[in-house]
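All remarks here apply to the structure that follows.
The values are calculated or read from the model by the stated rules, or taken from the named source; none is laboratory data. None of these values were measured; they are calculated from a predicted model. All Cβ positions, even for glycine, are placed from backbone atoms using ideal geometry, and neighbour counts span all protein chains on display. Surface accessibility is based on the protein's heavy atoms, side chains included, excluding ligands, DNA and RNA. Shrake-Rupley method; radii C 1.70, N 1.55, O 1.52, S 1.80 Å.
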Amino acid sequence: QLQLVESGGGLVQPGGSLRLSCTGHGVTLNYYDIAWFRQAPGKEREGVSCTKISSEFTAYADSVKGRFTVSRDSAKNTVFLQMNSLKPEDTAIYHCGAGGECGANINSADMNYWGKGTVVSVSS
């Protein structure tokens with residue numbers, strides 16, 4: 001069964017950095033499009049990024065572009081979301097998704113499997 005497990009979240013001060021991990025179990029992640037979404041309390045889920053395996057292109061939300069970077073470590077079957085220059089508005093639960101395809105925009109990713117998420121809190 002395909003299972004995704006996120007890790008790396010925590011409490012960080014504004015301007016700090018975190019690296020989130022999405023590790024696949026029962027699936028080889030380098031064969032799939034990978035999406036990152038986040039959801040803050042009381043708000044709808046929003047797309048953060050989506051990486052198309054066919055083109056190796058990653059689309060990012062305007063709000064994180066230039067600050068967040070997606071990468072893969074195939075040997076560890078893990079996708080990373082490097083988050084720099086973090087802002088309080090980045091506070092959310094971050095989920096990775098796979099088993100589907102990226103859409104025309106990051107909010108249109110159609111993924112069949114999502115991890116339970118890891119909490120990112122940015123505050124002073």
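In table form, for the structure just shown:
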read-out	value
Verdict on GLY8 being closer than 13 Å to LEU81 by Cβ, at pLDDT 95 or above and open to solvent by 30 Å² or more (accessible area, probe 1.4 Å)	yes
Filter pass, SER49 being out of contact with any Leu (no Cβ under 6 Å at 6 or more places or on another chain), of a type in the set (S, T, N, Q), modelled with pLDDT of 95 or more and closer than 12 Å to VAL120 by Cα	no
Any hit, segment 27-35, residues being within 14 Å of ILE93 (Cβ to Cβ) and either open to solvent by 60 Å² or more (accessible area, probe 1.4 Å) or in a strand (DSSP E or B) (or both)	no
Residues being open to solvent by less than 70 Å² (accessible area, probe 1.4 Å), modelled with pLDDT of 95 or more and assigned to a loop (DSSP other than H, G, I, E, B) - total across segment 52-65	3
Condition check for GLY103: closer than 12 Å to LEU4 by Cβ and either at pLDDT 95 or above or not hydrophobic (A, V, I, L, M, F, W, C) (or both)	no
Residue check for SER71: open to solvent by less than 70 Å² (accessible area, probe 1.4 Å), more than 18 Å from ALA92 (Cβ to Cβ) and not aliphatic (A, V, I, L, M)	yes
